[in-house]
1. Within the bounds of the stretch 22-38, is there any residue that is touching a helix residue (DSSP H, G or I) at 6+ places or on another chain (Cβ under 7 Å) and modelled with pLDDT of 85 or more?
2. Report, by residue number, each residue of the stretch 69-94 that is touching a helix residue (DSSP H, G or I) at 6+ places or on another chain (Cβ under 9 Å), open to solvent by less than 50 Å² (accessible area, probe 1.4 Å) and either under 18 Å from N16 (Cα atoms) or hydroxyl-bearing (S, T, Y) (or both).
3. Every residue in the stretch 18-34 that is surrounded by 12 or more Cβ atoms within 10 Å (Cβ to Cβ), closer than 12 Å to E6 by Cβ and not charged (D, E, K, R), please.
4. Name the single residue, out of those in the stretch 47-61 being β-branched (V, I, T) and modelled with pLDDT under 90, that is most open to solvent (accessible area, probe 1.4 Å).
5. Looking at A64, A58, which is the one that is among the aliphatic types (A, V, I, L, M) and not in a loop (DSSP other than H, G, I, E, B)?
Amino acid sequence: AFDAVENKVKPAQFDNNGNLSFGVKEYIELPGSKYDPDVGMFGMDVSVNLEKIGYRIARRKISARKLPSKIRINQDEAKKFFEQNFKVKVTEEL
């Protein structure tokens, strides 16, 4: 999906918990997809949720606890992760 947006995202597309969301205008922009007249044209939103090991303590049903600060992901960590692992460029211009 990053190929559809030319591997560029804006800093405003990251939230305070390190999650990323962006939109793809038409599904045919995704690599390997072809236009299908039965489907027509549609866009989509892509959301990526990042979690560190140990995040389960906040989601479990029995004895759920508040996340310690060392397990939380902030915007800067998420930006670095996407830049290093997916070669995504975080820039104001798209």
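1. Yes; the residues of the stretch 22-38 include at least one that is touching a helix residue (DSSP H, G or I) at 6+ places or on another chain (Cβ under 7 Å) and modelled with pLDDT of 85 or more.
2. Hits for the stretch 69-94 are I71, I73, K79, F82, V90, T91.
3. Listed by number, the residues that qualify are F22, V24.
4. I53
5. Matching residue, one of A64, A58: A58.
The values are calculated or read from the model by the stated rules, or taken from the named source; none is laboratory data. Source: prediction; values computed, not measured. With ideal geometry, Cβ positions are generated from the backbone for all residues, glycine too; neighbour counts draw on all protein chains shown. Please note that ligands, DNA and RNA were not included when accessible areas were found on the heavy atoms of the full protein model with its side chains. Shrake-Rupley method; radii C 1.70, N 1.55, O 1.52, S 1.80 Å.
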